[in-house]
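Participant: Please read through the structure below; I'll follow up with questions.
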Amino acid sequence: DTETDHYYVSNDDVHRRWKPRARFSHKGTYGHALLVAGSYGKTGAAILAARALLRAGVGLLTIHTPVRGYAILQQAVPEAMVSIDPFEEYASTLPSSDGYSVIGVGPGLGQADATVKMMRKILETYRKPMVIDADALNILAAHRELLLRVPAGSILTPHPKEFERLAGKTANEFERLEKQKELARQLKSVVVVKGAYTSITSPGGVVYFNTTGNPGMATGGTGDVLTGILTGLLAQSYTSLDAAILGVYLHGLAGDLATHDLGEDSLVASDLVTYLPAAFLKVS
Ligand code: B4P
Ligand code: MG
């Protein structure tokens, strides 16, 4: 079965999964996402994720971040509300999860002791599906008891090094893929291992290889943009698997469209946000 359950994602696959907005819909129809991101020196990661989240069509966005990032976030992302942690770094002042459809956590988080505590609180009290990335994954890898508390239906987005921290070293990519399938099954969640031909594994053991994207995307912040896109789609009525397949494809397609105009060398992560609308138009 391991040989037959592999798919390469095509534009048609994505078009079939994409849902047009209904005429009589309102912002409540498209979910309210809570993004926990940013820390001193890494507010940019929160901005990139937030901007991508909004361009992915979410109804409402609240960003939870330490007070240091407050002014810059409000200015950079006027569409978002900001839930302020009154301390200089993260403390344990999370908003109640009531009213949020999904939580995106990780970009620019850091791994300070207080941040680990906050991550513990998130996993002990929130039962909503999450998109878990970057330092949130590194915290899970370092505190393995937390890994088993990841809510079913979540999406984890490690790059190969983060995946190694989570699942251990592997001898080759085949072995890594088996471990990736195992992690998805164990957590009843979707695992996305990023790179050229990003692989997406479902809890049921099916593997989807993405076909968009290019080496221009090997630049700081592109992963944060992906977290935003996935969180924005998961907040709407997409399943975690559809959100992952659609979001990873759109992220790469935005990269391809940006590269067409700007070239691989000059592409920066913000360009992916700029070209995300054009990517949506191509799959709609
Ligand atoms: P970190 O410091 O953890 O980097 P980051 O903040 O997570 O960066 P960012 O969020 O922008 O990028 P991400 O990878 O999440 O350090 C990364 C470390 O891991 C570095 O030491 C690096 O060398 C290592 N590493 C990263 N990728 C690796 C790989 N494939 N193999 C071995 N080591 C690796 O997200 C990047 C995004 O861009 C993803 O969506 C990815 O799919 C896309 N992308 C990157 N390169 C691409 C390519 N060649 N083709 C298509 N898409 C590509
Ligand atoms: Mg990253």
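The values are calculated or read from the model by the stated rules, or taken from the named source; none is laboratory data. Quick caveat: nothing in here was measured; it's all calculated off a predicted structure. Neighbour counts are summed over all protein chains in view; Cβ atoms, including those assigned to glycine, are modelled from backbone coordinates with ideal geometry. Please note that ligands, DNA and RNA were not included when accessible areas were found on the heavy atoms of the full protein model with its side chains. Shrake-Rupley method; radii C 1.70, N 1.55, O 1.52, S 1.80 Å.
Participant: So what's the net charge close to T211: Lys and Arg +1, Asp and Glu -1, counting the other residues with Cβ under 12 Å from its Cβ?
Facilitator: -3
Participant: Under 18 Å from the 7 Å Cα→Cβ point of H6, by amide nitrogen: which residues of region 160-182?
Facilitator: 170-182
Participant: Using the Karplus curve 6.51 cos²θ - 1.76 cosθ + 1.60 with θ = phi - 60°, what ³J(HN,Hα) values do you get for each residue of region 227-233, in whole Hz, with x for Gly and Pro?
Facilitator: 4, x, 4, 5, 5, x, 6
Participant: If you don't mind, there's one more thing I want to ask. Placing one identical point scatterer on every Cα of the chain and ignoring solvent, what is log10 I(q)/I(0) from the Debye formula at q = 0.10, 0.14 Å⁻¹?
Facilitator: The Debye formula, applied to the Cα set alone, gives -0.46, -0.95.
Participant: How big is the accessible area of R21 in square angstrom, nearest 10, if you roll a 1.4 angstrom probe over the protein chains?
Facilitator: Approximately 140 Å² of R21 is accessible to the 1.4 Å probe.
Participant: Let's test this: bin the Cα-Cα distances of region 123-180 at 5 Å from zero up to the farthest pair and state each bin's percent.
Facilitator: Result returned by the calculation: 4, 18, 29, 25, 15, 6, 2, 0.
Participant: Ignoring ligands, DNA and RNA, what percent of the 1.4 Å accessible area of region 146-284 is carbon and sulfur? Present the calculation step by step, with values, prior to reporting the outcome.
Facilitator: Details: 2920 of 5430 Å².
For region 146-284, the apolar C and S fraction of the accessible surface comes to 54 percent.
Participant: Measuring with a 1.4 Å probe in the full set of protein chains, what accessible area per residue, in whole Å², belongs to the chain?
Facilitator: Heavy-atom SASA per residue in the chain reads 44 Å².
Participant: Out of all DSSP beta bridges with both ends in the chain, state the antiparallel percent to the nearest 5.
Facilitator: Of those bridges, close to 20 percent are antiparallel.
Participant: May I ask for the Kirkwood hydrodynamic radius of region 56-97, worked out over all distinct Cα pairs and given in angstroms to one decimal?
Facilitator: Over region 56-97, the inverse of the mean reciprocal pair distance is 10.9 Å.
Participant: Expressed as a whole percentage, what fraction of the accessible surface of region 60-126 belongs to carbon and sulfur atoms when a 1.4 Å probe is rolled over the protein heavy atoms?
Facilitator: Working: 1540 of 2830 Å².
Solvent-exposed carbon and sulfur of region 60-126 make up 54 percent of the total.
Participant: If packing is taken as the mean number of other Cβ atoms within 10 Å per residue, what is the order of 5-12, 59-66, 251-258, highest first?
Facilitator: 251-258, 59-66, 5-12
Participant: Moving to a separate point now. Around K169, under 12 Å between beta carbons, what's the net of Lys plus Arg minus Asp minus Glu among the other residues?
Facilitator: Charge balance near K169 sits at +2.
Participant: Count the lysine pairs in the chain whose Cα atoms lie under 18 Å apart, taking only pairs 8 or more positions apart in sequence or on different chains.
Facilitator: 13
Participant: Can you work out ³J(HN,Hα) from phi for every residue in region 74-85, in order, using Karplus 6.51 cos²θ - 1.76 cosθ + 1.60 and θ = phi - 60°, giving whole Hz and x for Gly and Pro?
Facilitator: My calculation for region 74-85 gives 4, 6, 6, 10, x, 6, 8, 8, 10, 9, 9, 7 Hz in order.
Participant: Turning to a different aspect of this structure: Taking R0 as 45 Å, what FRET efficiency do you get between K27 and A171 from their Cβ-Cβ distance, rounded to the nearest 0.05?
Facilitator: Numbers: r = 49 Å, r/R0 = 1.08.
Step by step, r from the Cβ atoms, then E = 0.40.
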